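Here the structure comes first, spelled out in structure tokens, and everything after it is commentary.
Nothing in this text is a laboratory measurement; each read-out follows from the coordinates by a stated rule. Fair warning: this is a prediction, and the values are worked out from it, not measured in the lab. With ideal geometry, Cβ positions are generated from the backbone for all residues, glycine too; neighbour counts draw on all protein chains shown.
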């Protein structure tokens, strides 16, 4: 622990800046040594607050900077592939915010690069896998605590959506978290997707189909229904009820403090994912740093990123056509069989 | 209250015998004066325990017996129509266990008989409308407490199914309760049905498709998903979460007593609908008796029975075909517009 | 069930009028045949709404009226003893609102009258014993579900107190319910009382000591702490957590419907005991009517009324002196040993 | 963050070893450079697992070792004072496990040493102040969310007590946490203590008075009742319900995952404080390290340790005498007025 892992952070927007702060504040054994962002002023400002970190507008330059031993990618999705490939050229461990790539083809190219290296170096930032409640649910399912899973009933709600949010993004940006969580919790691939939409909420911006119900079928015969509602108004909420052959388990009710006042009992609903999943982000980063120091991956890998992209693509097709759409995956390469 | 309503009970199986006991025990102002059942021994035994009630093997004879002022029908579904028509001939108020009739055609004939009389006399035994939690949810929705409803997420679980239960009955016998509850809660008709089935639970009897996910679309653009699972093993459970434009409301968690013991906290899940809905059955009967004494209906009527039958029929078609199926309803007669 | 029990109702204030309605509405096999109240206009009005009931200003006259087979006493506490003794002279079953009598001496005289008759005819209106949650807790304790009870932690909260409420009444009128509930749940007598008072709430009327903490010690070595808070502002709430040698059980959280809205999750707190204990009042009356028809008592009897009065008396002394006060009881007569 | 804080850890028993692991695993910017323990083998083993840490049997030697910039004391209570005074001689920041000292006299000497230095350097390990739920409750109270606090109802339960546990330790070792939490939550001093004991649980070891009810009165007129039960059998549980003039707030129910199975719903109760308060220990250490690097204290200080010791002393006297006992505090020195 006396030597610290030197990290290059690619992208210094909301998520990237958050990761920079997180590394400084809560992660031992790591420090940011280079940052990259096309916005030259912003990147200089971020680097200026860090002791001895270099600022770059070119991701490749940051990745090649002295002292860089690992790469954290938080740039927009379309920029991920190129940055990952630069990191892989130098055999550096990567933590890449989701999505790995916007489409399955890009993810396949990342997998091909890893195949050539003969090892997995890329981890995808599906942080729910690091959340204490999800971990408890996963343990319960793996231990057979409620028998073979039959359903996952999922709710994914945001207070309101940003102005740039589209109907497609409800699936590719939001439900993609449930896609990964379902694949991980069940240990199964998604084989088909259907999308149904009630009449949109009057609180949704003009033209946005919100909320929607996304149905996933899995290779083991389970059914996953996801309510995605990004303008629910009352809070940020991620719930999952697993129904198995002998019982059910539900997470995400979050009843830490119960208040009674003004004729009512209850509590606050978290307003933001950064609050709900703060610990999960911390743990994700600590585990990645610890694994990266040993050249390992400690979470979802490029295959998981690929599968999520493939399900997203099928989901968007299902939403457009209104009918059930099959998910097509390439055969899983040996490198990604665990 | 000094004169009591004379009731003929048609059918003395489990539900019929239950109603007889209920009238004696908890309903003031009513008494059973005639009972009918094809099983002559059973009907004599039931009548023998009642003070001055006559026993019949022919429903028509029981309905025509002296002192009969109202008719409660708890015989098997296929026998309902004939008994109802006998009662309507005599202009007697009827409480008929669900389903009103097994198919929409029979229900239409019942409606036609009422149309000729010019008044509604038939009430259907959808007892959830009399449950305190459902009533609270209905009040909240009607008051706009969570805005326009977008989703109803429903869970309907039984410990295990009786030996005669078929895959069709999950829809026509079980989900029919959600069909009525959804129509009532939302004040909308169901317009389309889809049915998806995960791989059946190994706890389900050979050949039974259990559990299933039934999706209802409504005239107001809401979406209703129903998990029906009749061999869940752990208890009888009916839950409903309404999601509106500005909030959600959930009933059916039933946390009356919380016990901590042996490393766990929690409570018991009811094992049976007679426990969960005991009060609802009591209230249904009391309200019907009070309304019947004034020649009125105090709950779901023949139109509701017809609509439920029509959705059931579409649901069975959807389950067989695997595709979304439209529900077709006749125009709602003036008598049933409220 | 064809003959109905004729009831005289003594007192037609809030509680009495409530009971009259309840008998008419939800209790089969009973009807009010006489009512008494010192307020001649009010009693005539109440009787006028009942079919064939006589109105009296003298309780004794109502009890002696034709057709009276049982007596329900809902007059103020100081008037109870005389009415009970009139009823016992005629060997009529009595349901008497709590307190049986304001002091232990009066209760002893009632017990003496029953001893002379050689049978118990008096039941006290501690309705919590008829509440479904309390019954469940009692069953659990009796079955040893959490081992020998060590503590009862009780909360008893009202939105606000009526203008005539005094600091003594927090104990004699409110905590008396916990006294009976504790004796019944534990099957033990209370042996000592202590009272502690935090600085009173600024929401309490001038001069009222509110809230208070009342501590009861029992013959079996259990400890009962009662928070009594009659101006809590947010709702009516009665909670009880039993702590046993191997677990705990809590009732009174009342989470029937959970709503999420405006950044919060939770539900409504009942505002009134008539809402919270509506079913308990119904059941109490039905059971009393059924038992009275057979000349029996179906709930707390005169001994329970006596013990509650004795604990109240000790509690008031403890509140005044600020020190722990012993409860003194006469030896339990054979008639009241069960 | 590039230079790391060198820490001497005094005591390498369960708590000390835990802290050593915690510093290595989750705290950035700090490392253990010296360890001390009278058990020479154990201390060598612990030091051996650390890169470049020296091992000592004498606390003073460890504190004086090269590179030591802060001291963490986890030795038995009676050894605290001497170690603290050694650290203060060198003006080193101290994190001392509770109790600061076993008696108020020792705490006063620590305060005197700080007074001479003219600054506060000692922090006491009351980790609940760093727990997320407690913090939320504190915020709510400080913001007046439920009005002026009137009661704190506290539950403190352990599965079972270690063999060396005495009846006194229920107060001095366990309830001392509630003493600090109450003082902190309310911002008031404890002025009097009473102790009541039900008949001990049969699960408690011979001679141990367990459970007990400890009552604290505070300078602002609030009342705190603490159920301490160290052999409850079912789990580790710390709950607190604050009752204010306009509402209540409860923490410690911990309902992260709800499972339904085998006829029951509910979840697991944590079995150990290291699980329940794992995050609080982490945060305490991180905050102390960050504050120590700037020569500050980031939590309860020597005055808090002194006050806790004084309340403990009064509590033990109250337990022995059976009567309410006043707490006597010296006047609060200027250094500790915030």
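Given only helices, namely DSSP H runs of n ≥ 4 each adding -39500 (n - 2.57), what is the per-residue ellipticity at 222 nm of chain C, to the nearest 500 deg cm²/dmol? Intermediate values should be presented prior to the final figure.
Working: 10 runs with 113 residues, N = 338.
Rounded to the nearest 500, the figure is -10000 deg cm²/dmol.
Please list the three semi-axes, largest first and in whole Å, of the ellipsoid equivalent to the protein assembly as shown, using sqrt of 5 times the eigenvalues of its alpha carbon gyration tensor.
They are 59, 47, 23 Å, listed largest first.
Nearest 10 degrees, 0 to 90: what angle lies between the long axis of helix C:302-321 and the longest principal axis of chain C (Cα atoms)?
With rounding to tens, the tilt is 40 degrees.
Can you tell me what the convex hull of the Cα atoms of chain A projects to on average, as an area in nm²?
If I average the Cα hull's projected area over directions, I get 19.0 nm².
When the chain is fully extended, how far beyond the present Cα-Cα distance does residue C:166 get from residue C:90, taking 0.36 nm per residue of separation?
Stretched fully, the residue C:166-residue C:90 segment lengthens by 23.7 nm.
Using a 10 Å cut-off around each Cβ of peptide B:223-236, what is the average number of partner chain Cβ atoms that fall inside?
Averaged over the peptide's residues, the number is 5.
Taking the axis that carries chain B onto chain D, what is the nearest Cβ in chain B, and at how many Å, to the whole number?
Its Cβ sits closest to the axis: B:266, 1.
Considering the range A:72-172, what Rg and Dmax in Å follow from its alpha-carbon atoms?
17.0, 45
Taking chain B as a Gaussian network, where each spring joins two C-alpha atoms under 10 Å apart, which residue of B:254, B:295, B:266 fluctuates the most?
B:266
State, to one decimal in nm and shortest first, how far the label point of residue C:45 sits from each corresponding label point in the other identical copies (label point: 7 angstrom along Cα-to-Cβ).
Ordered by distance, the counterparts are at 5.4, 7.3, 8.5 nm.
Relative contact order for chain B: what is it in percent, counting Cα pairs under 8 Å that are at least 6 residues apart?
Averaging sequence separation for qualifying contacts and normalising by length gives 20 percent for chain B.
With both partners inside the protein assembly as shown, how many of the DSSP beta bridges are antiparallel, as a percent to the nearest 5? List each step's numbers first, then the result.
On the way: 154 of 258 bridges.
Percent antiparallel among DSSP bridges in the protein assembly as shown is about 60.
How many angstrom lie between the Cα centre of the range C:292-324 and the Cα centre of the range C:16-45?
So the two Cα centres are separated by 27 Å.
Please compute the Cα-Cα pair-distance distribution of the range B:101-149 with 5 Å bins starting at 0, giving whole percents from short to long.
Going out from 0 Å in 5 Å bins, the range B:101-149 shows 5, 17, 15, 14, 12, 15, 17, 6, 0 percent.
Rg/Rh for the range B:6-129: what does it come to with C-alpha atoms and Rh from Kirkwood?
0.95
If you put a point 7 Å past Cα along the Cβ direction, how far is that point for residue C:90 from the same point in each other copy, in nm, smallest first?
Distances between equivalent label points, in nm: 4.0, 9.3, 10.1.
Could you tell me the center-to-center distance, by alpha carbons, between the range C:81-97 and the range D:147-161 in angstrom?
46 Å
Could you please state, rounded to a whole Å, how far the C-alpha centre of the range D:248-269 is from the C-alpha centre of the range C:162-186?
32 Å
In terms of the Cα gyration tensor, with a ≥ b ≥ c the square roots of its eigenvalues, is the range C:23-96 rounded because a/c is under 1.5, prolate because a/b exceeds b/c, or oblate?
Taking the square roots of the gyration eigenvalues as a ≥ b ≥ c, the range C:23-96 is oblate.
Calculate the mean, over all residues of peptide C:237-248, of how many other protein chain Cβ atoms lie within 10 angstrom of the residue's Cβ.
So the per-residue partner count for this stretch is 6.
Given R₀ = 51 Å, what would the calculated FRET efficiency be for residue A:139 paired with residue C:330, taking r from the Cβ atoms and rounding to 0.05?
So, using R0 = 51 Å, E works out to roughly 0.30.
Checking the a/c ratio against 1.5 first, then a/b against b/c, what shape does the Cα gyration tensor give for the range D:271-313?
oblate
Taking each pair of different alpha-carbon atoms in the range C:237-310 once, compute 1/r for the pair, average those values, and report the inverse of that mean as the Kirkwood hydrodynamic radius in Å to one decimal.
About 16.0 Å for the range C:237-310.
Kirkwood hydrodynamic radius for the range B:5-50: how many Å is it when counted over pairs of different Cα atoms?
On the way: mean 1/r = 0.0956 Å⁻¹.
About 10.5 Å for the range B:5-50.
Using a label point 7 Å beyond Cα on the Cα-Cβ vector, give me the inter-copy distances for residue C:329 in nanometres, one decimal, shortest first.
Shortest to longest, the spacings are 4.3, 6.2, 6.9 nm.
If you take the alpha carbon radius of gyration of the range C:176-271 and divide it by 2.2 N^0.38 Å, what ratio comes out, to two decimals?
Ratio of Rg to 2.2 N^0.38 Å for the range C:176-271: 1.31.
If you line up the long axis of helix D:176-186 against the longest principal axis of chain D, both from Cα atoms, how many degrees apart are they, to the nearest 10?
80 degrees
Roughly what angle does helix B:278-293 make with the longest principal axis of chain B, taking Cα atoms, 0 to 90 degrees, to the nearest 10?
40 degrees
Nearest 5 is fine: what % of DSSP beta bridges in chain A come out antiparallel, could you say?
Here the antiparallel bridges make up roughly 55 percent for chain A.
Using all Cα-Cα distances in the range D:126-194, what percent lands in each 5 angstrom bin from 0 up to the longest?
Computed distribution, short to long bins: 3, 13, 23, 24, 17, 11, 6, 2, 1.
Is there a simple number for the mean count of other chain Cβ atoms within 10 Å of the Cβ of residues in A:138-148, and what is it?
Partner Cβ neighbours, averaged per residue: 2.
Have a look at D:164, D:126, D:273 and tell me which one the Gaussian network model of chain D (Cα, springs below 10 Å) gives the largest fluctuation.
The residue with the greatest mean-square fluctuation here is D:164.
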